[in-house]
Each structure stands twice: as structure tokens, then as C-alpha cells.
Amino acid sequence: MSNITDTTSHLSPIMRVMQFAARKASRNLLRDFGEVEHLQVARKGPADFVSKADKKSEETIIENLLRDRPGYSVLAEEGGEITGSDKTHRFIIDPLDGTTNFLHGIPHFAISIALEREIDGNPKELVAGLIYNPITDEMFFAEKGKGAFLNDGTRGGGDRRLRPGKREIFADSLFATGIPFLGRPGHAKFLKELHQVMGHSSGVRRMGSAALDLAWTAAGRYDGFWERGLAVWDIAAGVLIAQEAGLKVESLTGGDVLETGDIIVTNEALYEPLMERVG
Ligand code: IPD
Ligand code: CA
Ligand code: CA
């Protein structure tokens, strides 16, 4: 762990490994983001460049994770499945969440890494997760049964425990969501949901990174988040972080949220009122 300042000695071994991999990949992402900001004026735009940045981030993450945990399996957005000799552990990786923001020079994107584990033949469960925002140097992370935390890096606040937002009145609450776009289904349904929420709440944000939406909800910045049709790498780490912060995390359409990708996250008090409007 040579030239990255080690501020992680208090973390569990697996969380150290995961955070190190995320920070390492984030250096390339930050450098590439600087380039992208200059490429905005080109007619073709920086799409190919960003796709390379995305893949490079994924390679760096996987290389660093597997150096410390050789044999673990991997599911990563760009490269898909790698079946390791240890099928009871699997990393789930989104090397760049918020690609459209990155592509347009908007500084709001993240790396998301989760680890799931199968114990005694039971279905796999999430045991560790992190969402790292390289721009703000905010590291949101959680381990099963140990709570969720935010390390705000250079701002020097150390690890701060995340607790659910306390707002109980819908009209006072701020929500985040994801709007379906070209090539995605559910446009008419989404407009109905938005109509139900926007007129009765303090507002709705669409910031463009589902991972950060989940992290920010866990940090109490948003009072709730909903979105349909997400992939497991968009939400795996965020689901654990939100649960460990004490929030209710469910599938909008029943079943396992990691399988449906239709997610709703709020505190207990806002769950029914939000579900009535977007469920
Ligand atoms: C996307 C972001 C976005 C969500 C999309 C995702 P990507 O992930 O999380 O907020 O609305 O559905 O695909 O493509 O930037 O990794
Ligand atoms: Ca994503
Ligand atoms: Ca991605």
C-alpha cells in the first residue's frame, strides 16, 4: 500500500483492502475527468475516452482486490463475471457510477464496491460495501452488523456514524430519484410517480448517480430515494450502507431488491407515504 496515505489502520482487513482499491482507481478517474472537462467542445465528445476510463477504473479495482483476496469471485459492470476458486465470496463492482455526469464534465460520480458472502449454503448476503466520491473525497462504507460510516477525507472529520434522517413529515422531506432516459422503459409510469411526489414534498433531485443517491440518503441529506430498473452493481453497496445506517430498504415490486433493481429507501415514518405515491 505504498504511496497512498494510510488513514485506514483502524478498519477491518477487508474494508482496508476495498478502500485501498477504490482510492487507487480514483486517482486515474480524477486525472481522466480533468481531461474530459477539456474535451467537451469536441463534436464527437469524449465518449470513447470515458469508456476507456471506466474500464481502466474497473481493472485497477479488480487487480487490487484480487491481489489481497486471490480466488474471490467478481461481478463487475464492464467485464461481467469472474468465477474464482472461492465461490462463497463475490465482489460486486461499479467502477464508475454517474457515467453521464462524468462524460459531461459534471463532478458527481462514484466508485461502488460490495462484497457478498455465502455462509453454510444459505443465499449470499452483503457483508461489506463502500461508495467513494473522488471529487469530494467522501468514503461511505458499512459492514454487516457494524453500522455505516462516512469518512470525509481531507476535511478531516474522521469516521462519522451515519444515522437515518429524522424527518417524518412528507411535506418537509427531500427525495432523490432516477429518471428513465433513451432506451429505458417506464417513462409514463415515472411521470405519474413524480407528479405524486413533487406537489407534496420539499422537492425531488435527479443527480445522476444511484450509488451516491443511496449514500446521501444514508447520510440524511435526502429523506428518501426511489428508482426502478437498476442493476445490482448500482445498488449492492448502497443497500448495505443504507440498511446499516438504520433505513428501510425494499423492492418497489416485491421480492429481493438486488434482483428486481426497483428500490425504495426511507426511514420508517416516510416509508408508507412514499410507497403510496411511487409503489
Ligand atoms: C447509472 C446511474 C444513474 C441511474 C442509471 C444507472 P452508470 O449508472 O446510477 O443514476 O439512473 O440507471 O445506470 O451507467 O452511470 O454506471
Ligand atoms: Ca451504475
Ligand atoms: Ca457504471
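The values are calculated or read from the model by the stated rules, or taken from the named source; none is laboratory data. This is a predicted model, so every value here is computed, not measured. All Cβ positions, even for glycine, are placed from backbone atoms using ideal geometry, and neighbour counts span all protein chains on display. Heavy atoms of the whole protein, side chains included, go into the accessibility calculation; ligands, DNA and RNA do not. Shrake-Rupley method; radii C 1.70, N 1.55, O 1.52, S 1.80 Å.
How much length is gained if the chain between Ala231 and His108 is pulled fully straight, taking 0.36 nm per residue apart and subtracting their Cα-Cα distance, in nm to one decimal? List each step's numbers first, then the result.
On the way: separation 123, 0.36 × 123 = 44.28 nm, distance 1.89 nm.
Working it through step by step, the gained length comes to 42.4 nm.
Put a dot 7 Å past the Cα of Thr100, heading toward its Cβ, do the same for Glu168, and the two dots end up 3.7 nm apart. Sorting 271-277, 13-19 by average packing, meaning the other beta carbons within 10 Å per residue, from highest down gives 13-19, 271-277. Near the amide H of Glu138, within less than 5 Å, lie the amide hydrogens of Asn133, all on another chain or at least 5 residues away, with H placed in the peptide plane.
Over the chain, dividing the summed -39,500 (n - 2.57) contributions of all DSSP H runs of at least 4 residues by the number of residues returns a 222 nm mean residue ellipticity of -12000 deg cm²/dmol. Calculate what fraction, in whole %, of the accessible area of the range 170-278 sits on carbon and sulfur atoms when a 1.4 Å probe is rolled over the protein chains. Heavy-atom surface of the range 170-278 belonging to carbon and sulfur, 1.4 Å probe: 54 percent.
Per residue, the range 127-167 exposes 45 Å² of solvent-accessible protein surface, assessed with a 1.4 angstrom probe and all protein chains in place. Extending 7 Å from the Cα toward the beta-carbon at both Leu182 and Thr136 defines two label points whose distance is 2.9 nm.
Can you give the FRET efficiency to the nearest 0.05 for His195 and Thr260, using r as the Cβ-Cβ distance and R₀ = 30 Å?
Details: r = 23 Å, r/R0 = 0.76.
That pair, His195 with Thr260, gives E of 0.85.
Close amide H partners of Asp86, meaning residues 5 or more places away or on another chain with modelled amide H under 5 Å apart, are Tyr72, Ser73.
Pull up the cross-link candidates among the lysines for Lys52, meaning alpha carbon to alpha carbon under 22 Å and not fewer than 8 places away within one chain. Partners within reach: Lys24, Lys44.
In order along the range 174-188, the phi-based Karplus estimate (6.51 cos²θ - 1.76 cosθ + 1.60, θ = phi - 60°) of 3J(HN,Hα) comes to 10, 10, 10, 8, x, 9, x, 10, 2, x, 9, x, x, 5, 5 Hz; Gly and Pro are listed as x.
Kindly rank 190-196, 207-213 from highest to lowest mean number of other beta carbons found within 10 Å of each residue. If you can, show how the numbers build up before the last one.
Working: 190-196: 15.0, 207-213: 26.1.
Result, highest mean first: 207-213, 190-196.
With a ≥ b ≥ c the root eigenvalues of the C-alpha gyration tensor of the range 1-148, is it rounded (a/c under 1.5), prolate (a/b larger than b/c) or oblate? Since a/c reaches 1.5 and a/b is larger than b/c, the shape of the range 1-148 is classed as prolate.
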